[in-house]
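Trainee: The structure is given below, and queries will be raised subsequently.
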Amino acid sequence: MSTPTVKLNDGSEIPAIAFGTGTALFGKDCTDAIRLAINSGFTHLDGAQAYNNEAFLGDGIKAAGKPRSELYLVTKLKPGLKAADVKTSLVDSLQKLGVDFVDLFLIHAPPRGPVKPEDGTIQDLWHAMEAVHTEGLAKSIGVSNFTVEDLKAIAGSKIPPAVNQIELHPFAVPGPFYDMAEMLYRYIWKAAEPIVKYGRENGGTVPASYGGLSPLVRAAGGPVDEVLPPIAERLGKALGKPVTPAQVLSKWVSHKGAIVVTTSSKEARIKEYLETSQVPDLTAEEIQAIDDAGATQHKRFFMKQYFE
Ligand SMILES: NC(=O)c1ccc[n+]([C@@H]2O[C@H](COP(=O)([O-])OP(=O)(O)OC[C@H]3O[C@@H](n4cnc5c(N)ncnc54)[C@H](OP(=O)(O)O)[C@@H]3O)[C@@H](O)[C@H]2O)c1
């Protein structure tokens, strides 16, 4: 079973689902998890310098024995690093990963807080990313946790970001910089939608979603849970085999146009994630029902310092 791909603005193809080495695997030996993911059919592997396990990710790749050309490897610039650190940190990552290039290199998070003049601007940081792309150390370059304002700050650069990896699920999100009326009903999709739209319309940046299973795994018993089983049942009948609520949520993320970045320690679930590409499409009414259910609660689980 081959993974569907999505075309990026630089012409390359990115597999539509990724196996991540953050969250549950953060700072851990992920060798066995990566070997299992690759041997089960994952080709897109999402790492990061900040996860402090790139060498184990490299070990897992070696242990799986799949040719480099069949893998899509991502890492991310550690938050807080500056333009002058971009190339040296990427070269260090390549060494740990045991490869000559990554398929995608992301700025993990936009610079925040007071910036000393010698630290450079967000534009300087992006220009350093463009330079490692030109050198061939990263086939594609992109960002993560960028708001519309962050994307605007680097708009008009020679290379637009290929990807913006952000938290994306149906739940609502409060934010002190939003007004109270909006805050009560502002859910992640509504908060993310302008970011997705701006990126798409300004350089064709593709969104990637992390935390997509949050309604099920981080806040079980919430309003979205009730909407998923009947949709799963309809899709299961159409497919001819059971469809799980997690697969419905992943389909919802895909319908929002995003790459799915997920993870699991369990072989059965890894298989389930990969089989989601066979699940039939949700109807517009089903997508709306999930949107509406999510809108009744506000929850953000990651990177609150950047968005709230
Ligand atoms: N760019 C960023 O700032 C950022 C931030 C966060 C994450 N990420 C990336 O995104 C990747 C995935 O992140 P995520 O953990 O948020 O993904 P997720 O898809 O929301 O959740 C995956 C987790 O859900 C559990 N799970 C799946 N189905 C379940 C079910 N039916 N019942 C109970 N638990 C279930 C899995 O545990 P089991 O092991 O039990 O299957 C796994 O640990 C990370 O590894 C990282 O690479 C990036």
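The values are calculated or read from the model by the stated rules, or taken from the named source; none is laboratory data. Just so you know, these numbers come straight off a predicted model, no measurement behind them. A quick note on method: Cβ atoms are made from the backbone with ideal geometry, for glycine too, and the neighbour counts reach across all protein chains shown. Side chains included, ligands, DNA and RNA excluded: accessible areas come from the protein's heavy atoms. Shrake-Rupley method; radii C 1.70, N 1.55, O 1.52, S 1.80 Å.
Trainee: Can you tell me which residue in segment 251-268 is farthest from Ala162 (Cα to Cα), limited to those that are buried (at least 19 other Cβ atoms within 10 Å of the Cβ) and near the ligand (Cβ under 10 Å from one of its atoms)?
Mentor: Per the criteria, the residue is Ser264.
Trainee: Exactly one of these conditions fails for Leu282: (1) more than 16 Å from the chain's Cα centre (by Cα); (2) near the ligand (Cβ under 9 Å from one of its atoms); (3) among the hydrophobic types (A, V, I, L, M, F, W, C); (4) outside any helix (DSSP H, G or I). Give me its number.
Mentor: The one condition Leu282 does not meet is (2).
Trainee: If the requirement is being out of contact with any Asp or Glu (no Cβ under 6 Å at 6 or more places or on another chain) and within 16 Å of the ligand (Cβ to nearest atom), which of these qualifies: Gly113, Gly80, Gly156?
Mentor: Details: Gly113 fails: within 16 Å of the ligand (Cβ to nearest atom); Gly156 fails: within 16 Å of the ligand (Cβ to nearest atom).
The match here is Gly80.
Trainee: So if I check each of Gly199, Gly204, which one is surrounded by 19 or more Cβ atoms within 10 Å (Cβ to Cβ) and touching a residue at least 40 places away in the same chain (Cβ under 8 Å)?
Mentor: Just a single option satisfies the conditions, and that option is Gly199.
Trainee: Just to be sure, is Glu233 modelled with pLDDT of 95 or more, under 23 Å from the mean Cα position of the chain (by Cα) and open to solvent by 40 Å² or more (accessible area, probe 1.4 Å)?
Mentor: The answer is no for Glu233.
Trainee: Could you list, in sequence order, the residues of segment 12-26 that are open to solvent by 40 Å² or more (accessible area, probe 1.4 Å), more than 21 Å from Gln278 (Cα to Cα) and out of contact with any helix residue (DSSP H, G or I) (no Cβ under 6 Å at 6 or more places or on another chain)?
Mentor: Thr23, Ala24
Trainee: So, one more: Among (1) touching a strand residue (DSSP E or B) at 6+ places or on another chain (Cβ under 8 Å); (2) closer than 27 Å to Val253 by Cα; (3) within 15 Å of the ligand (Cβ to nearest atom), where does Leu97 come up short?
Mentor: Only one criterion in (1) touching a strand residue (DSSP E or B) at 6+ places or on another chain (Cβ under 8 Å); (2) closer than 27 Å to Val253 by Cα; (3) within 15 Å of the ligand (Cβ to nearest atom) is unmet by Leu97, namely (2).
Trainee: Okay, moving on. Among the residues in segment 287-295, are any at pLDDT 95 or above, open to solvent by less than 50 Å² (accessible area, probe 1.4 Å) and assigned to a loop (DSSP other than H, G, I, E, B)?
Mentor: no
Trainee: Please go through (1) touching a Lys or Arg at 6+ places or on another chain (Cβ under 7 Å); (2) under 30 Å from Leu228 (Cα atoms); (3) among the β-branched types (Val, Ile, Thr) for Val99 and return the number of the only condition it doesn't satisfy.
Mentor: Result: Val99 passes all but (2).
Trainee: Residues that are more than 22 Å from Ile34 (Cα to Cα) and among the acidic types (Asp, Glu): does segment 259-282 have at least one?
Mentor: Yes, there is a match, as at least one residue in segment 259-282 is more than 22 Å from Ile34 (Cα to Cα) and among the acidic types (Asp, Glu).
Trainee: Continuing with this model, one more query. Could you go through segment 123-139 and let me know if any residue there is in contact (Cβ under 8 Å) with a residue 40 or more places away in the chain, open to solvent by 20 Å² or more (accessible area, probe 1.4 Å) and touching a Phe, Trp or Tyr at 6+ places or on another chain (Cβ under 8 Å).
Mentor: Yes: one or more hits.
Trainee: Then there is this: Among the candidates Ala109, Ala50, Ala83, single out the residue that is open to solvent by less than 60 Å² (accessible area, probe 1.4 Å), closer than 26 Å to Ile154 by Cα and touching a residue at least 60 places away in the same chain (Cβ under 8 Å).
Mentor: Ala109
Trainee: Checking the structure you have, find out if any residue of segment 228-246 is of a type in the set (Val, Ile, Thr) and within 11 Å of the ligand (Cβ to nearest atom).
Mentor: So far as segment 228-246 goes, yes, one or more of its residues are of a type in the set (Val, Ile, Thr) and within 11 Å of the ligand (Cβ to nearest atom).
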